Structure formats: structure tokens, C-alpha cells
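As C-alpha cells, the structure follows; a few thoughts come after it.
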């Protein structure tokens, strides 16, 4: 079972401290939502966990420290254990969808070796999960923005890493595919003992699908825990500066911003 631990994490960008002394224990399996207003530090935090930017403090995945070392062995081992999908990720060259998704298997391949049957099955599973199998022979540049976003998610899913980090995975998707991708991420975590950490702006989706939320404000954790304990009226007014209407349809909670508080 996967476990992610952050201890006294600090991260800076352009000389400015963005993340301030963040400590967090995330036992798997679980779907964790990072929420908070623009500028709260969500993307910086997820990039630090992915070892894409320098940080101070400790990040441990299954008890093994992560770092931003660029040694070949470290990079390859990290690429097997951690998959990352950036905010507004794009493909900038013409390539068939199936070949792009297959790039997710590169960390598992020996140099100059073809994919094995297990790799091919992982690619197929990822394309089915992201609902892009129908596009397998298409040039990715011929797809819509939302379709390309799902193809790039499929590439991240194909890694089958114990930790999946995704930054705004549903931002460019229609309502049907927002629900489908949130279901995929939820099942990816629960069915295989993995951890998914996702930056999310839709609080209703976060409340419905995530096991746990981390509310960031000005680079610090304001609240962490089950959605109902994090997305309180007090926290939403204080951090987001909005009043909300909150209700339930069965066990599903929805949150609608109504007005600004200032």
C-alpha cells in the first residue's frame, strides 16, 4: 500500500517563498484533492512533490525520500513510481494517439527494447479508462482540446505508478467527461492501492469524489481531512471570500458560489 509523507516542506519560485512549512501524511489508497483560491500554492506544491522544482524539507514515498536529483538512476526510478500530468498539458507534435499513450510505458522499458505484452495491455487499459480508445489511429493534433487532454491523461495512467499527480484534470472537459474522469481517478486510487493527488477548482466534484481534501491558503494548509470537515461555510468564506449555497442530493453534496464577501 502506497504512502506519501511531507515534512516541513518549503518551496520558492523566482525568489518568492510560495509553500510555507507544509506537513502532511497521506496513507493510500486514496483520492486527495488540493483545493484553494488562485495563488494559494496548489500547483507549486504538486510540482514540488513531483520533484520538478527545488524544495526544502522531506518528501517520502513509501518511506523512500524523493529529491530533485538528475542522476539517471534516480530519474528512471522516480518515473516508475510517480506519474505527473501538468496543468494545460499539450502535445506539440503530430503523433498517433496510441503511440503518445505508449510513451507512458517508457520508464518500464529496457533500452532499445520493444514493449512487452504487459506494456501493451497497460496502454490499452489507460486508453479505455480515459475514453480515447476510439481515437487510437488518429493524429493527436486532429483532436479537440478536451480530447487531447484525455489522451494526455491516458499517457499518465499508462505508467501505472503508485502515485499519480494531476493538475486540473477536468478543466477543459465537458460535464460528461468531467464526471467520467473523476470516476476514473477515484477507481485508479481505490482499486489498486494507489494515491491520486489532484488540483481541483470545482468544489462540488471535489466534495463528491475525493476521500480527503487539503485546503491551501497563502502557501499554508488551512484545513485537511474529509470533504465535509474542510469545505465548511466558515472556511469557504474566509479562504475563497464567497458565500455559498450548499445542499445534498442523496449522499452527493453540491456547492454553488452565490456572492462575494468583499
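Computed from the coordinates by the stated procedures, all read-outs in this text should not be read as laboratory data. On a predicted model such as this, the values are computed, not experimentally measured, just so you know. Methodologically, a virtual Cβ is constructed for each residue, glycine included, from the backbone with ideal geometry; neighbour enumeration extends over all protein chains shown.
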Between 0 and 90 degrees, rounded to the nearest ten: what's the tilt of helix 175-191 against the longest Cα principal axis of the chain?
80 degrees
Within the range 44-63, what residues put their amide N at less than 13 Å from the label point 7 Å along the Cα-to-Cβ vector of residue 21?
none
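Find the relative contact order for the range 118-232 and round it to a whole percent, using C-alpha pairs within less than 8 Å whose residues are 6+ positions apart.
19 percent
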Angle between the chain longest axis and helix 72-81 axis [Cα atoms, degrees, rounded to 10]
70 degrees
If I fit a long axis through the Cα atoms of helix 145-158 and take the longest principal axis of the Cα atoms of the chain, what angle between them do I get, 0 to 90°, rounded to 10?
70 degrees
Per Stokes-Einstein, at 25 °C and 0.890 mPa s, what whole-number D in µm² s⁻¹ belongs to the range 183-262, with the Kirkwood radius over Cα pairs as the hydrodynamic radius?
182 µm²/s
When the helices in the chain are scored as -39500 (n - 2.57) per DSSP H run of 4 or longer and the sum is shared across all residues, what 222 nm value do you end up with, to the nearest 500 deg cm²/dmol?
-9000 deg cm²/dmol
May I ask you to derive the FRET efficiency for residue 134 and residue 204 from their Cβ-Cβ distance with R0 = 30 Å, giving the value to the nearest 0.05?
0.55
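What does the C-alpha gyration tensor say about the overall shape of the range 9-167? Classify as rounded when a/c is under 1.5, otherwise prolate if a/b is larger than b/c, or oblate.
In terms of gyration-tensor shape, prolate.
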How much length would be gained if the chain were fully extended between residue 174 and residue 237, taking 0.36 nm per residue of separation minus their Cα-Cα distance, in nm to one decimal?
19.9 nm
If you wrap a convex hull around the C-alpha atoms of the range 86-198 and split its volume per residue, what is the figure in Å³?
102 Å³
I'd like the distance between the alpha-carbon centres of the range 18-32 and the range 219-262, rounded to an integer number of Å.
19 Å
